[in-house]
1. Go through 21-27, 75-81, 92-98 and give me the packing order, highest mean Cβ count within 10 Å leading.
2. Over the residues of the stretch 2-45, compute the C-alpha Rg and express it relative to 2.2 N^0.38 Å.
3. For 82, 102, what's the fewest-to-most ordering of other Cβ within 10 Å of each Cβ?
Ligand SMILES: [Zn+2]
């Protein structure tokens, strides 16, 4: 199960569980998702997207790009623990923080937090890639 932070067109935020990321896309396409507050069907995913430096990840032997790995809940939990122990949580300030680090080459900090798909696209245009990690719950 994957928990996503969702946001409707009226900026209501809520959380919802999906069996996998494809399920979200499928339900979204069929307009089966709606805001729990205002029933808006324009729902977007607020992405949990840690900013990571590639070398650090490799040292730890964890590959975030390995799709197969990401499909396993236990591995996802390991990744979650790794991120929580090694990254600074900045919440929805992620894109701001990531920019600061990107343009100030001195600092090599790693952050995680949430970014909207718009923020993510803006960052990508500036050459900053965010990694998206499905955020699994620690309890069953
Ligand atoms: Zn709403």
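1. The most tightly packed comes first, giving 92-98, 75-81, 21-27.
2. On the way: Rg = 9.4 Å, N = 44, 2.2 N^0.38 = 9.3 Å.
Ratio of Cα Rg to 2.2 N^0.38 Å: 1.02.
3. Working: 82 18, 102 14.
So the residues, fewest neighbours to most, are 102, 82.
A short reminder: the numbers here are calculations on the coordinates, not readings from a lab. Predicted, not measured: the structure shown is a model, and the values here were computed from it. Please note: Cβ atoms are built from the backbone with ideal geometry, for glycine as well, and neighbour counts cover all protein chains shown.
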